[in-house]
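Following: one structure in structure tokens, then a few remarks.
Throughout, read-outs are computed from the coordinates displayed, never taken from laboratory work. Not measured: the values here are computed from a predicted model. Neighbour counts run over all protein chains shown; Cβ positions are idealised from the backbone, glycine included.
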2 protein chains.
Amino acid sequence: MSGKLVIGVDIGGTKVAAGLVSAQGEILQQARVPMVSTGDAATGLAAVTRAVRDILRNARDPQVSAIGVCCPGPLDPKTGVVINPPNLTCWRQFPLADAIAQTFGIPVAVDNDANAAALAETLWGAASGYRHVFYGTIGTGIGTGIVLDGRIYEGATGAAGEGGHMGIDINGPTCPCGKRGCIEVLASGPGIAKRARKKLMDGRNSKLLELSHGNSEDVTSEMVSQAYRSGDVVATEVMQETLRALAYWLGNIIDLLDPDIIVLGGGVANMFRDLLDDIRRRLRGACVNPSAQHIPIVLARYGEDAGIAGAAALVRAQAASSAVATLTQTK
Amino acid sequence: MSGKLVIGVDIGGTKVAAGLVSAQGEILQQARVPMVSTGDAATGLAAVTRAVRDILRNARDPQVSAIGVCCPGPLDPKTGVVINPPNLTCWRQFPLADAIAQTFGIPVAVDNDANAAALAETLWGAASGYRHVFYGTIGTGIGTGIVLDGRIYEGATGAAGEGGHMGIDINGPTCPCGKRGCIEVLASGPGIAKRARKKLMDGRNSKLLELSHGNSEDVTSEMVSQAYRSGDVVATEVMQETLRALAYWLGNIIDLLDPDIIVLGGGVANMFRDLLDDIRRRLRGACVNPSAQHIPIVLARYGEDAGIAGAAALVRAQAASSAVATLTQTK
């Protein structure tokens, strides 16, 4: 594996994004193609192949040493087999890493997007130089990844790091996952919007009514953030509740994992970019770790491109470590 | 380090227990001396020295290669320095490992009791042969330890594995640690008793009144267990609530850590010895890990002796691994 460039492929339910990524984690070039996630396995694979070919065709230096792929789980990162992602019904027990490796003749690694993004932040981003990293991406959902000693912590079956479904309110609202009071159902974008809408339906007056043109059903987390910045009382309450929930959740994670750093990405994390110190202050009552106040809580380097960078990191990290046994190699 | 025997020392607020431990984790011999936890550092150390000397004096084969010590935290397992345990005011920033090593001239390792017990279960007990182990001891408090790839996971500062203060009810009762709804305040022995007493004070009739001779203030978790076995409705409710809380908490841990096995020790875990399958069933709604149903939940091998065995495991594991750099060695 001598090339300096790798390709990172980010597979979603509606599109495949691929990028040419340097040894420093810079995304030099990108391609996007639509994903047919409900078709047969070959059609799904064809979208991936097309995105990679687009990159190779346009690359000035087509010396690519490996392809990293991030894909919705559940999947087995050790074998590169995609098990049964709810949003990608085209693949059931599909050997994605092997299939791509056979097409391009170079090593391929596969993992889920939050794990991959956690690794990209550790290799090249906000957690560069840190040993034990907890990463959370807070947006439509909450995905998390754990990097210990520079490697993704996969757990016994590859299912570790699902921190978004850790519950903090045993009597709270039910998450689509079936559990009550997951942090995802409370602090994701839709969770924030839902709590705001409930306050409006309780008859509270708020700038949110104006922002949603009187349709409280249309309130989004972005509107909550906007109303909060203008001093709106209801939006401020919702933001405070969210901060409290996030600090309580991070306190749990700190007490269990004692990380060197916490990196937060995603749209909701961005909403809270000026409030990270507030979260840190709230940690005082949210964990017993005596060093909690000193754990940096920082924003991720990668935003929309976290998937591409993360996918590239999967093969970069393997090239740099002895973990090549977990890499699917053909030819 | 050639000897087959090591000494494990379990330091508590009122006593020091030491044991001679074989390479198979058998406790061959024990000694107990009172601990003066409120005196000066030397007096505290003298109790430890006396317990170790008692063992050496009575040992048939006094070929002891190392001494492992478990001690209430916070402490730094890398340096063996005890920081400021609330129940051992004799030691403040005290280099316990160094002090013992200087006295006996053999290697000494120090860690907290739950971490040490987790390691003993992994080396010799219920988790023998498993890779990633989550251990919880549920009694007066709830202590936990994480073993990954055969080693205690210490985290960035040695403070990892404090799972007893993970919160599952952000609006729940306040724990002495200052956080609301920790699993410790809900499911420890005192937590169980408190919930039962509250039901009695609400005017509920129960066999618990008879067991406590009409003094509901005297109800203990043991009485709850006894009343439950005789079919008492109030006690059954308290047990069900506790099972629900424990399953929710373990679900969180499974989603974050995806362990190969969960080992539970301590008096309260024993109360639930016939209900572990019930906890496993409840995991269905308590985590997203698709393999959660297959994670064994088992009782610990070590009971009262978990501290001695755990302390011994600290030096056994180091003898068997390359982690000797973390061991305090003198002479």
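Quick one: work out the % antiparallel among DSSP beta bridges in region B:126-299, nearest 5.
60
Between region B:72-88 and region B:195-250, what is the C-alpha centre distance in whole Å?
The two parts, judged by their Cα centres, are 36 Å apart.
Quantify how strongly other chains surround peptide A:255-263 by giving the mean number of their Cβ atoms within 10 Å of each of its Cβ atoms.
Shielding by partners across A:255-263 averages 6.
In sequence order, what are the phi-derived ³J(HN,Hα) couplings for region A:37-51 according to the Karplus relation 6.51 cos²θ - 1.76 cosθ + 1.60 with θ = phi - 60°, rounded to whole Hz, with x for glycine and proline?
7, 9, x, 8, 4, 5, 5, x, 5, 4, 5, 5, 4, 5, 5
How large is ³J(HN,Hα), in whole Hz, for each residue of region A:105-116 in order, when computed from phi with the Karplus curve 6.51 cos²θ - 1.76 cosθ + 1.60 and θ = phi - 60°, using x for Gly and Pro?
x, 10, x, 10, 10, 10, 7, 7, 5, 5, 4, 4
Can you work out the PRE-style zone for B:Thr79? Point 7 Å along Cα to Cβ, and I want the residues of region B:90-126 with backbone N under 12 Å.
Of the residues in region B:90-126, B:93-98 have backbone N under 12 Å from the label point off B:Thr79.
Below 26 Å, Cα to Cα, which lysines can A:Lys78 reach? Residues fewer than 8 away in the same chain don't count.
A:Lys78 reaches A:Lys4, A:Lys15, A:Lys331.
If we hang a label 7 Å off Cα along the beta carbon direction at B:Asp40, how far is it from the matching labels on the other copies, in nm, shortest first?
8.5
Averaged across the residues of B:178-185, what count of C-beta atoms belonging to other chains lies within 10 Å of each residue's C-beta?
4
Which distances in nm, rounded to one decimal and ordered from shortest, link the label point of B:Lys198 to the equivalent label points in the other identical copies, with labels set 7 Å from Cα toward Cβ?
Shortest to longest, the spacings are 2.0 nm.
Quote the relative contact order of chain A in percent (integer), defining contacts as alpha-carbon pairs under 8 Å separated by 6+ residues.
21
Work out, step by step, the length gained on full extension between B:Arg131 and B:Arg32: first 0.36 nm times the residue separation, then minus their alpha carbon distance; give nm to one decimal.
32.3 nm
Would you mind checking which residues have amide H under 5 Å from B:Leu5's amide H? H placed 1.01 Å from N; only 5 or more apart, or other chain.
Placed amide hydrogens put B:Ser65 under 5 Å from B:Leu5.
Counting helices only, and only those DSSP H runs with n ≥ 4, report the 222 nm mean residue ellipticity of the protein assembly as shown as the sum of -39,500 (n - 2.57) divided by its residues, in deg cm²/dmol to the nearest 500.
Helix-only estimate at 222 nm: -11500 deg cm²/dmol.
Determine, from the Cβ-Cβ distance of B:Gln226 and A:Lys15 and an R0 of 60 Å, the FRET efficiency 1/(1 + (r/R0)^6), rounded to the nearest 0.05.
0.45
Using modelled backbone amide H atoms (1.01 Å from N, in-plane), which distant-in-sequence or interchain residues come within less than 5 Å of A:Ala126's amide H?
Counting only residues 5 or more places away or on other chains, the set is A:Arg301, A:Tyr302.
Can you run phi through the Karplus equation (6.51, -1.76, 1.60; θ = phi - 60°) for region B:149-155 and list ³J(HN,Hα) in whole Hz, with x for Gly and Pro?
Taking θ as phi minus 60°, the curve returns 6, x, 10, 4, 7, 9, x Hz for region B:149-155.
Find which of A:His132, A:Cys287, A:Ala193 sits farthest along the positive direction of the dipole of the protein assembly as shown, computed with +1 on the beta-carbon of Lys and Arg, -1 on that of Asp and Glu, about the Cα centre.
Result: A:His132, furthest along the dipole toward the positive end.
In chain A, what % of DSSP beta bridges are antiparallel (nearest 5)?
65
Given a 10 angstrom Cα cut-off, can you work out which residue in B:Ala235, B:Ala311, B:Ala118 is the most mobile in a GNM of chain B?
B:Ala235
Every other copy gets compared here: list the nm distances from the A:Asp278 label point (7 Å along Cα to Cβ) to its counterparts, shortest first, one decimal.
Those label-point separations list as 4.2 nm.
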